[in-house]
2 protein chains.
Amino acid sequence: MAKSKKNTSTLNEKKGVLQPKSLNEVVAERHKNFKKKPSTTELVSEILNQNQTALSQAITIIESTAQKHQQQAREIIEKCLPHANKSIRLGITGVPGVGKSTFIESFGKFLVSEGKKVAVLTVDPSSSISRGSILGDKTRMEELVKEENAFIRPSASGDTLGGVARKTRESIILCEATGFDVILIETVGVGQSETAVHSMTDFFLLLKLAGAGDELQGIKRGIMEMADSIIINKADGENLKAAKLAKNEFNRALHLYPAKESEWAPKTLLCSALKNEGISEIWEVVSNYFETVKTNGYFQHKRKEQNKFWLLQTIESRLKSEFYANASIKIELEKQLKAIDENRTTPFEAAEKLLTLQK
Amino acid sequence: MAKSKKNTSTLNEKKGVLQPKSLNEVVAERHKNFKKKPSTTELVSEILNQNQTALSQAITIIESTAQKHQQQAREIIEKCLPHANKSIRLGITGVPGVGKSTFIESFGKFLVSEGKKVAVLTVDPSSSISRGSILGDKTRMEELVKEENAFIRPSASGDTLGGVARKTRESIILCEATGFDVILIETVGVGQSETAVHSMTDFFLLLKLAGAGDELQGIKRGIMEMADSIIINKADGENLKAAKLAKNEFNRALHLYPAKESEWAPKTLLCSALKNEGISEIWEVVSNYFETVKTNGYFQHKRKEQNKFWLLQTIESRLKSEFYANASIKIELEKQLKAIDENRTTPFEAAEKLLTLQK
């Protein structure tokens, strides 16, 4: 929107300010010269070439519930796995209104300026009902989305938290294979999704606001305990004093918790995402954390534990999807649901009938 | 502890007051004359004879993780099912300290005095970690437990909420077959367990306290929406005024929610469980509810929906338990977990190997 520098003559000023394009050219450029329906091999090879359009398409395949896509998704992941696991994974949570998007925009831009490639994913099981309650569209991070080295993907949808979590875990693999070295995983600050995000990240960052008068009360104990760092956002202007008080209060509270297995002492920090203040300090803390846990072996240990958990989750989701995909079971399930509706059977009897068909 | 009425002579007074027995005779009596390891047929026949010891034993079998018990559990449930479904099922929730145990003691005794047979079950997934955080032992309802027509069973334990919920659902069937006509299902007022309890009860009762200054803030929206009645407990003495104010506030809040599918307008009531005040009014509201929903068909509709949900839950838990019970899978699982530990495989590869063994 700035005036063109060359036009300093008064005559040329009449041209007026430049109008913004209706198309985001940076994003559009990435989509050029790429097939609409590439094969698995093409897709993987483009992912390894750091092609974000291929990454997007692959994530869409992972998120699909169609049987043929599920098979393709498994192949893609298998081929990407040897190239994954090289990033650091940060979980970010906080109640609605705390400024998660603004924080991610500001933090993400800082990371890009430091030469990092940043991917943003979201775990929001509620969006399957309310459709896009957070991060519904990319425009919420309109500056970050323009960065060539940033990738933002709105929430995976799904019926269950387990399903959403699985898709996000698999998307992490693909982002890593595409060469992203910091993965930010955002979640809403309510419900069980924090536990899911905790199970797939290395570092957990809790965003808070000061001055609501319930500095400690409002936080679920479990979420406080998970945090590796508490960031008090909107610490600017008239808010600054309250934010400093809150920082002390959180620090006192954090000291009451037993020491973490990671041997890391969680830090409380102030920031103003809107004014880009306090961002580099947060990155410093995150970097210190990774230095600590990579030295003492906790990083490697935690990833292994997460992999074991993931193994069991993968098995259980496959058992279910294979069972319900069986054609004769599909037909019988409809019959049994109808029988329940007409009080002709019980859930146990119906389950027994369906389970027999499997063999 | 009262003096024996017959001993009115001063000479006899020297005998002193009667000492309490170390054994609760009422409870002990029920356990007499019953085998320690009855067969499935004996167990079911005793359950139908309203034998509470048999009921206890059957619930223990349901809660067992041993493979042979799981088979026996299914047989017991199958045989009890034709005699079940005749009770009303009430879910009761509220944060720790709200007085759930005292309320259930008071409400339960009232129901017994009205000629009802009352069973109390608990859903508390946290107890599998903290062991008995609520209703850890029966002594918390020491009067109700002495009633011949009351049965109190502490929390089922389990690794997952799903597992705990399944056991509770099955225990409901057994309680109904034993002739209990009101089933109270208690849950802690935090986390996801309310949803589980809601999926197995007809009426949902939320206990609250007045005067904490956070009448509305402290309540998760989802739980408020589930409530068919809000009971403000400890509405006595100096608390009474605040309780009345809270009642108005809750009533206003309840009116803001959309109408329920049940066509029932949730009621807010005051009570003092400790002083047995307001208890019969609560029962009146509960009775009105059942009159409403049995007339408009919602009662039958909701039970059917719950049965469909239960069908899917039963299938999924069986798929898992059968998979992990397979001997060759057990051995391979150990190997694959070790391989993950030694970075020799990925969760996906490992899952694939295990899933192949199943076929």
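The values are calculated or read from the model by the stated rules, or taken from the named source; none is laboratory data. This one's a predicted model, so the numbers in the text were calculated from it and none came from an experiment. We place every Cβ from the backbone using ideal geometry, glycine too, and count neighbours over all the protein chains shown.
Restricting to the stretch B:282-295, and then to whatever is free of Cβ contacts under 8 Å to residues at least 60 places away in the same chain and surrounded by 14 or more Cβ atoms within 10 Å (Cβ to Cβ), can you tell me which residue is nearest to the other protein chains (Cβ to nearest Cβ)? Step through it out loud before you land on a result.
Within the stretch B:282-295, the subset free of Cβ contacts under 8 Å to residues at least 60 places away in the same chain is B:284-285, B:287-288, B:291-292, B:294-295.
When the remaining residues are screened for being surrounded by 14 or more Cβ atoms within 10 Å (Cβ to Cβ), the result is B:285, B:292.
Details: B:285: 28, B:292: 21 Å.
Looking at the filtered set, the residue picked out is B:292.
Screening the stretch A:337-347 for residues that are of a type in the set (Val, Ile, Thr) and outside any helix (DSSP H, G or I) and picking the one that is nearest to the other protein chains (Cβ to nearest Cβ) gives A:346. Taking the stretch A:302-312 as the range and being more than 8 Å from chain B (Cβ to nearest Cβ) and over 18 Å from residue A:265 (Cα atoms) as the test, the residues that pass are A:303, A:305, A:306, A:309, A:312. Before we move on, is residue B:356 more than 8 Å from chain A (Cβ to nearest Cβ), out of contact with any Phe, Trp or Tyr (no Cβ under 6 Å at 6 or more places or on another chain), crowded, with 19+ Cβ neighbours inside 10 Å and not hydrophobic (A, V, I, L, M, F, W, C)? No, not satisfied. Quick one: in the stretch B:313-332, which of the residues that are surrounded by fewer than 16 Cβ atoms within 10 Å (Cβ to Cβ) and touching a residue at least 60 places away in the same chain (Cβ under 8 Å) is farthest from the other protein chains (Cβ to nearest Cβ)? Among those residues, the one meeting the criterion is B:325.
Every test in (1) crowded, with 19+ Cβ neighbours inside 10 Å; (2) facing chain A (nearest Cβ under 9 Å) is passed by residue B:268 save one, and that test is (2).
Here B:223, B:231 are screened, and the one residue that is over 16 Å from residue B:88 (Cβ atoms), surrounded by 14 or more Cβ atoms within 10 Å (Cβ to Cβ), touching a Gly at 6+ places or on another chain (Cβ under 9 Å) and within 14 Å of chain A (Cβ to nearest Cβ) is B:223. The one condition from (1) buried (at least 17 other Cβ atoms within 10 Å of the Cβ); (2) closer than 30 Å to residue B:233 by Cα that residue B:86 does not meet is (1). In the condition set (1) closer than 27 Å to residue B:305 by Cβ; (2) modelled with pLDDT of 90 or more, residue A:321 is compliant with all but (2). Only one of (1) more than 7 Å from chain B (Cβ to nearest Cβ); (2) over 36 Å from the mean Cα position of the chain (by Cα); (3) of a type outside the set (Ser, Thr, Tyr) fails for residue A:350. Which number is that? The number of the failed condition is (1). How many residues does the stretch B:156-206 contain that are in a helix (DSSP H, G or I), modelled with pLDDT of 95 or more and among the acidic types (Asp, Glu)? Number satisfying all stated conditions: 1. The condition of being touching a residue at least 60 places away in the same chain (Cβ under 8 Å) and among the small types (Gly, Ala, Ser) holds for only one of A:259, A:273, that being A:273.
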